[in-house]
Amino acid sequence: MSVEPGLRERKKRQTRRLIADTAHGLFTTRGFDAVTVAEVARAAEVSEVTVFNYFPTKEDLFYGGMLFFEEQLLLAVGERAPGEAALGAFRRLLLESSKHLAGEERADFIATAAKTIAASPALQARERDIVARYTRELAAMLATELGAGADDAEAAGVAAALMGVHRALVEFVRAEVLRGRRGPGLSRAFRAQAARAFSRLEAGLGDYGIRSRPPGSARTGAGGARSRSRRRPDPPSSS
């Protein structure tokens, strides 16, 4: 009897999350450089090959939680309900994540991670690569939804704006934690910053990508139905 694709995918996600969480625990207690991939594999009770199947490099392993969250952001946008704009879905998941900031242990982990990243050019470079990758993927998703080309500047601009706010909030939290802020106050500060930042985007992006049909439903017509309420503006004249 074959395993359903959905169940198989969930098991893969669970294994990936287990490895990432195990690695984060070891990195937090012993430091990034002191922990080997083999030790992570033993602690997670999987093989080294399995670890590398999910995380090709040690830097990817360090950023396992980040990779998981970026995927969740794209999933939230891609599976948003009819009537919800791309910005709304993106913002909603970010705000939901703020509840995890109230715990002391989470703040301690963020502080340790921030110091580790600040001391490692390799980790800084990998983080930039991850952000760039998911920004491109978000842009491609939005462009496809709207029937635009892969190089659509509007979709790329929207993706860059959304990811820019996300990464600015990450840097804000790291800085606040290193200054000693902890607990519910950190969570409230995050939500206040997010509200201010997204309110600035609301006027320009608030109606972008409003979904008119459930995700995955059939498109109509030769070009497919638009998923936002306003017509795409004509390009500027070259004359």
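Those residues that are in contact (Cβ under 8 Å) with a residue 40 or more places away in the chain and either on the phi > 0 side of the Ramachandran plot or outside the structural domain of ALA89 (by TED's automatic domain parsing) (or both), I need them from the range 165-192; list them, please. Scanning the range 165-192 gives a single hit, GLY183. With the condition kept exactly as written, say whether any residue in the range 22-31 is at pLDDT below 85 and in a loop (DSSP other than H, G, I, E, B). Within the range 22-31, one or more residues are at pLDDT below 85 and in a loop (DSSP other than H, G, I, E, B).
When ALA125, ALA41, ALA118 are checked against the criterion of being crowded, with 16+ Cβ neighbours inside 10 Å and either aliphatic (A, V, I, L, M) or outside the structural domain of GLU171 (by TED's automatic domain parsing) (or both), a single residue qualifies: ALA41. Of the set (1) without any contact (Cβ under 8 Å) to a residue 24 or more places away in the chain; (2) assigned by TED's automatic domain parsing to the domain that holds ASP129, all apply to THR29 but (2).
Do we find a residue being within 19 Å of GLU145 (Cα to Cα), surrounded by 17 or more Cβ atoms within 10 Å (Cβ to Cβ) and in contact with a Pro (Cβ under 8 Å, 6 or more places away or on another chain) anywhere in the range 89-103? Looking through the range 89-103, none of the residues is within 19 Å of GLU145 (Cα to Cα), surrounded by 17 or more Cβ atoms within 10 Å (Cβ to Cβ) and in contact with a Pro (Cβ under 8 Å, 6 or more places away or on another chain). Selection within the range 79-88: residues that are part of a helix (DSSP H, G or I) and touching a Leu at 6+ places or on another chain (Cβ under 9 Å). The member of this set that is nearest to PHE172 (Cα to Cα) is LEU87.
Of all residue pairs spaced 6 or more apart or on separate chains, those with beta-carbon atoms under 8 Å, a first member in the range 193-217 that is over 13 Å from ALA161 (Cα atoms) and part of a loop (DSSP other than H, G, I, E, B) and a second member that is hydrophobic (A, V, I, L, M, F, W, C) and modelled with pLDDT under 80 are SER212/ALA225; ARG213/ALA225.
The values are calculated or read from the model by the stated rules, or taken from the named source; none is laboratory data. Just so you know, these numbers come straight off a predicted model, no measurement behind them. For neighbour counting, all protein chains shown are included, and Cβ atoms are generated from backbone atoms with ideal geometry for every residue, glycine included.
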